[in-house]
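*Asks:* If you scroll down you'll find the structure; I have some questions about it.
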Protein chains: 2
Amino acid sequence: MDFSKSLIAASSKPLILGILQQGPNYGYDIIQQIKTLSGGQLEWADGMLYPVLHRLEKEGLVTSQWNQSDNGRHRKYYAITELGKAAIHQEQEHWLAMHHVLQKLWSLNSKTSHG
Amino acid sequence: MDFSKSLIAASSKPLILGILQQGPNYGYDIIQQIKTLSGGQLEWADGMLYPVLHRLEKEGLVTSQWNQSDNGRHRKYYAITELGKAAIHQEQEHWLAMHHVLQKLWSLNSKTSHG
DNA sequence: CTTTATACATAGATAATCAATGTATAATAA
DNA sequence: TTATTATACATTGATTATCTATGTATAAAG
């Protein structure tokens, strides 16, 4: 689909926080979930995700913890904080507000402009 | 409302192109329209708008033309091109696709997670 | 020992907002 | 004339973000 950088940027925070609201998760699986959720439209590279996770952690919206999986591979599990849950609501409000502005504009333009 | 930079960035292109689809317009008035459309939530500074307009022109999505207004002040009117109209559709598709991904995620999280 | 999948991390190029600043015209007020 | 406010366009510089490329490491399959 080739989404623009800016749209990816605008969605990364609510997307990741939203996934973590379902339970703690680690980077590699978050990428798979994003792909699944979007029906294959969004394919994040790992080099994209980790800097975002580190930023969210720095902002106090998530915490991280190293854990061993069944396989013996080490995984860094991220969990959402209370601050992170509040941020989800804020992100959701902002997104919906912008969505309504765009919808209003699109509805204006879909009407024939004579009358 | 204090929208994030990234959300402003993601909306700037569809917002401006959408406004210009209603007819040619100039920078100062586009800012007023954005404010009106958003119910006062979005207040763009002129230093934000003009670089975006220049970028859109460089991309061939809009054209510009100097005109005198009734007052005698000179205004640069921007008009959307055919390429610009096509870009609107693309922007709209991308926005809606992302919107549906987020909505799916939010609907998952609004359900109680025991069952 | 090679390849593939999993798993995390950083560096550097590129691109974008946005506050601050500058130029200029017209109207209003002293 | 001078000052202020609203209109109108433009650029600079600080900051912030993606995202490709690259690196490290473990485990399984062959």
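*Asks:* Filtering region B:10-30 down to residues that are within 12 Å of DNA strand D (Cβ to nearest atom) and surrounded by fewer than 18 Cβ atoms within 10 Å (Cβ to Cβ), which residue is farthest from A:Ala9 (Cα to Cα)?
*Replies:* B:Pro24
*Asks:* Just the residues that are under 14 Å from B:Val101 (Cβ atoms) and either in a loop (DSSP other than H, G, I, E, B) or among the polar types (S, T, N, Q) (or both), please, taken from region A:1-17. Can you show your working first?
*Replies:* First, the residues of region A:1-17 that are under 14 Å from B:Val101 (Cβ atoms): A:1, A:3, A:7-8, A:10-17.
Of everything in region A:1-17, those that are under 14 Å from B:Val101 (Cβ atoms) and either in a loop (DSSP other than H, G, I, E, B) or among the polar types (S, T, N, Q) (or both) turn out to be A:Met1, A:Phe3, A:Ser11, A:Ser12.
*Asks:* A further question on this structure: Just name the residue that is modelled with the lowest pLDDT out of those in region A:43-79 that are polar (S, T, N, Q) and in contact with a Phe, Trp or Tyr (Cβ under 9 Å, 6 or more places away or on another chain). Show your work before the answer.
*Replies:* Looking only at region A:43-79, we keep the residues that are polar (S, T, N, Q), and these are A:63-65, A:67-69, A:71.
Remaining after also requiring in contact with a Phe, Trp or Tyr (Cβ under 9 Å, 6 or more places away or on another chain): A:63-65, A:67, A:69.
Working: A:Thr63: 96, A:Ser64: 95, A:Gln65: 92, A:Asn67: 83, A:Ser69: 65.
Ranking the qualifying residues of region A:43-79, first place goes to A:Ser69.
*Asks:* Here is a further query. Of the numbered conditions (1) free of Cβ contacts under 8 Å to residues at least 40 places away in the same chain; (2) farther than 26 Å from B:Ser110 by Cα, A:Arg75 fails exactly one; give the number of that condition.
*Replies:* Only one criterion in (1) free of Cβ contacts under 8 Å to residues at least 40 places away in the same chain; (2) farther than 26 Å from B:Ser110 by Cα is unmet by A:Arg75, namely (1).
*Asks:* Got at least one residue in region A:38-53 being surrounded by 19 or more Cβ atoms within 10 Å (Cβ to Cβ), more than 13 Å from DNA strand D (Cβ to nearest atom) and not polar (S, T, N, Q)?
*Replies:* no
*Asks:* On the basis of being near DNA strand C (Cβ under 10 Å from one of its atoms), touching a residue at least 12 places away in the same chain (Cβ under 8 Å) and away from every other protein chain (no Cβ under 14 Å), does B:Tyr26 make the cut? First the steps, then the outcome.
*Replies:* Working: near DNA strand C (Cβ under 10 Å from one of its atoms): no; touching a residue at least 12 places away in the same chain (Cβ under 8 Å): yes; away from every other protein chain (no Cβ under 14 Å): yes.
Here the answer is no, as B:Tyr26 does not meet what is asked.
*Asks:* What are the residues in region B:68-96 that are over 30 Å from A:Ser11 (Cα atoms) and surrounded by 12 or more Cβ atoms within 10 Å (Cβ to Cβ), if any? Give the steps one after another, and end with the answer.
*Replies:* Just the residues of region B:68-96 that are over 30 Å from A:Ser11 (Cα atoms), to begin with: B:68-77.
Once the filter is applied, which keeps residues that are over 30 Å from A:Ser11 (Cα atoms) and surrounded by 12 or more Cβ atoms within 10 Å (Cβ to Cβ), region B:68-96 yields B:Arg75, B:Lys76, B:Tyr77.
*Asks:* One residue is enough: does region B:51-58 have a residue meeting the conditions under 30 Å from A:Leu15 (Cα atoms), more than 12 Å from every other protein chain (Cβ to nearest Cβ), without any contact (Cβ under 8 Å) to a residue 24 or more places away in the chain and not charged (D, E, K, R)?
*Replies:* In the first step, residues of region B:51-58 are kept if they are under 30 Å from A:Leu15 (Cα atoms); the result is B:51-53, B:55-56.
From what is left, the residues that are more than 12 Å from every other protein chain (Cβ to nearest Cβ) are B:51, B:53, B:56.
Still in the running and without any contact (Cβ under 8 Å) to a residue 24 or more places away in the chain: B:51.
Checking which are not charged (D, E, K, R) leaves us with B:51.
Yes, some residue in region B:51-58 is under 30 Å from A:Leu15 (Cα atoms), more than 12 Å from every other protein chain (Cβ to nearest Cβ), without any contact (Cβ under 8 Å) to a residue 24 or more places away in the chain and not charged (D, E, K, R).
*Asks:* Of everything in region A:30-49 that's of a type outside the set (A, V, I, L, M, F, W, C) and closer than 19 Å to A:Ser4 by Cβ, which residue is farthest from the other protein chains (Cβ to nearest Cβ)? Show your work before the answer.
*Replies:* The initial filter retains those residues of region A:30-49 that are of a type outside the set (A, V, I, L, M, F, W, C), namely A:32-33, A:35-36, A:38-41, A:43, A:46-47.
From what's left, closer than 19 Å to A:Ser4 by Cβ: A:35, A:38-41, A:43, A:47.
On the way: A:Lys35: 11, A:Ser38: 5, A:Gly39: 8, A:Gly40: 11, A:Gln41: 6, A:Glu43: 13, A:Gly47: 18 Å.
Here the answer is A:Gly47.
*Asks:* Which numbered condition trips up B:Gly40, out of (1) more than 14 Å from the chain's Cα centre (by Cα); (2) on the phi < 0 side of the Ramachandran plot?
*Replies:* Result: B:Gly40 passes all but (2).
The values are calculated or read from the model by the stated rules, or taken from the named source; none is laboratory data. All values derive from a computational prediction rather than experimental measurement. Neighbour counts are summed over all protein chains in view; Cβ atoms, including those assigned to glycine, are modelled from backbone coordinates with ideal geometry.
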